[in-house]
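Working notes, structure below.
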Amino acid sequence: MRDLREYRRDFPILQATVHDKPLIYLDNAATSQKPLPVLETLDTYYRTYNANVHRGLHALSERATAAYEAARRKVAAFINAPQPQGVIFTRNTTESINLVAQAWGRKFLTAGDVVLLTEMEHHSNIVPWQLLSQQIGFQIRYLVVREDGTLDLSNLDRMLDGVKLMGLTHISNVVGTINPIAQIVDAAHRAGAVVLIDGAQATLHIPVDVQALKCDFYAFSGHKTCGPTGIGVLWGRVDLLEAMDPFLGGGEMIESVTLEKTTYAPPPNKFEAGTPAIAEAIALGAAIDYLTGIGMERIAEYDEMLSSYALERLGSVPGVRVLGSAPQRSSAFAFTVEGIHPHDLSSLLDTHGVAVRAGHHCAQPLGRRLGVPASARASTAFYNIPEEIDALVDALHEVKKVFGYVRP
Ligand SMILES: Cc1ncc(COP(=O)(O)O)c(C=O)c1O
């Protein structure tokens, strides 16, 4: 079995330098890096069998279609979906959530209904519901986030009263909290709600099993899962997908069209109007092969080890405050440094070759709840190593010197 550290060699970008320093890439929550098999899959597709899918009766089109549908089966196996038919290719998590809002919400929500979200959501699981609520008039309720970055579940049953749909993130992109999804889904189902999970921060870090989670919809992004940009996934229970109206109309999603009326293809095609991101879907399949080749359990174990190391090292720097302290957490660490604005911090870390994100991380309500409107965020992946955490910590000490920060 290859040592996990050896997988670094598969990521050409990890050899890059930034400002003449070796790149220390700690912005994996924003997007992950891509291993060679993914890059090669894109290249091979365009060089040797670029063709449109599902339409041509020629060899290239048949090959492209077979590879595209094989990718769908790989995604299904990756998240343990009961059948590939429930896997819809979208552009990203954001589009997957908008699809649920527009195709399920528009049909099944009415004024007086309630949608339950949480204060920890990324804007992409808040704004689509607000947009729809403005049109339909349903109420949006939010589960509160506690100081430690966990959800307050003490009054979950009461919060679920009258709820038709609950949407929540599997893992927070700010405080790294891994939410107890199966427990929440059980409660939501008892209350009669359908549950949508935003898995954007999960698929790179932990095994995902939609049947064990018992959720109804699961959304994630290819680019955060070692795949290319431009490809995302919405998995949905097939009976729900069948009952939903289409999201976008056009070619490929129809059964028959007359000048008066259209009937639709069954899912997943009903939700894949127009030419899809063919190369990207196939390359996402390659990313999934790559990740499953390493083993998601193994990745999760390594993640836990690296996260504890990062927490310990960051915690040892005077003036650094790491946000959230959930017992179950993944590898996104938002933090502040006393006396230094996160934007300055991130720009100065960059001069040391260290890439972190700064700002509100597209989760303004969470920042407000924690009383920290902006923070820096380091986020690791399985191809990061403890020495890179050391480099971050060394760079933090250097940045503090620039600001003349001395602990009072
Ligand atoms: C928790 C979470 N949800 C949704 C998204 C949106 O993902 P995308 O921009 O790929 O649609 C992100 C991106 O950072 C995220 O972290």
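The values are calculated or read from the model by the stated rules, or taken from the named source; none is laboratory data. The model shown is predicted, which means the values in this text are computed figures rather than measured ones. Note that we place each Cβ from the backbone using ideal geometry, even for glycine, and neighbour counts take in every protein chain shown.
Worth a mention:
Let's see how each residue does on (1) assigned by TED's automatic domain parsing to the domain that holds residue 16; (2) closer than 15 Å to residue 332 by Cα; (3) of a type in the set (Asp, Glu); (4) at pLDDT 95 or above:
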position: 353; (1), (2), (3), (4): yes, no, no, yes
position: 359; (1), (2), (3), (4): yes, yes, no, no
position: 377; (1), (2), (3), (4): yes, yes, no, yes
position: 381; (1), (2), (3), (4): yes, yes, no, yes
position: 384; (1), (2), (3), (4): yes, yes, no, yes
position: 390; (1), (2), (3), (4): yes, no, yes, yes
position: 395; (1), (2), (3), (4): yes, no, no, yes
position: 407; (1), (2), (3), (4): no, no, no, no
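- Residues within the stretch 347-371 that are within 16 Å of the ligand (Cβ to nearest atom) and either among the polar types (S, T, N, Q) or over 25 Å from the mean Cα position of the chain (by Cα) (or both), tallied: 1
Listed here are the residues, each with its yes/no results for (1) crowded, with 19+ Cβ neighbours inside 10 Å; (2) polar (S, T, N, Q); (3) more than 21 Å from residue 220 (Cα to Cα).
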position: 97; (1), (2), (3): yes, no, no
position: 124; (1), (2), (3): yes, yes, no
position: 130; (1), (2), (3): no, yes, no
position: 190; (1), (2), (3): no, no, yes
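- Residue match in the stretch 64-81 (condition: part of a helix (DSSP H, G or I) and outside the structural domain of residue 284 (by TED's automatic domain parsing)): no
- Within the stretch 82-98, being part of a helix (DSSP H, G or I) and within 14 Å of the ligand (Cβ to nearest atom) holds for 93, 94, 95, 96, 97, 98.
Residue by residue, here is whether (1) surrounded by fewer than 21 Cβ atoms within 10 Å (Cβ to Cβ); (2) in contact with an Asp or Glu (Cβ under 6 Å, 6 or more places away or on another chain); (3) of a type in the set (S, T, N, Q); (4) modelled with pLDDT of 95 or more holds:
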{"residue": "90", "(1), (2), (3), (4)": "no, no, yes, yes"}
{"residue": "94", "(1), (2), (3), (4)": "no, no, yes, yes"}
{"residue": "133", "(1), (2), (3), (4)": "yes, no, yes, yes"}
{"residue": "141", "(1), (2), (3), (4)": "yes, no, no, yes"}
{"residue": "170", "(1), (2), (3), (4)": "no, no, no, yes"}
{"residue": "173", "(1), (2), (3), (4)": "no, no, yes, yes"}
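- Test: residue 337 is β-branched (Val, Ile, Thr), closer than 25 Å to residue 204 by Cβ and not assigned by TED's automatic domain parsing to the domain that holds residue 172: no
- In the stretch 91-128, residue farthest from residue 207 (Cα to Cα) [restricted to those that are of a type in the set (Ser, Thr, Tyr) and in contact with a Phe, Trp or Tyr (Cβ under 8 Å, 6 or more places away or on another chain)]: 110
- Test: residue in the stretch 48-69 that is more than 22 Å from the chain's Cα centre (by Cα), closer than 25 Å to residue 381 by Cβ and of a type outside the set (Ser, Thr, Tyr): no
- Residue count for the stretch 145-203, restricted to those that are among the small types (Gly, Ala, Ser) and more than 16 Å from the ligand (Cβ to nearest atom): 8
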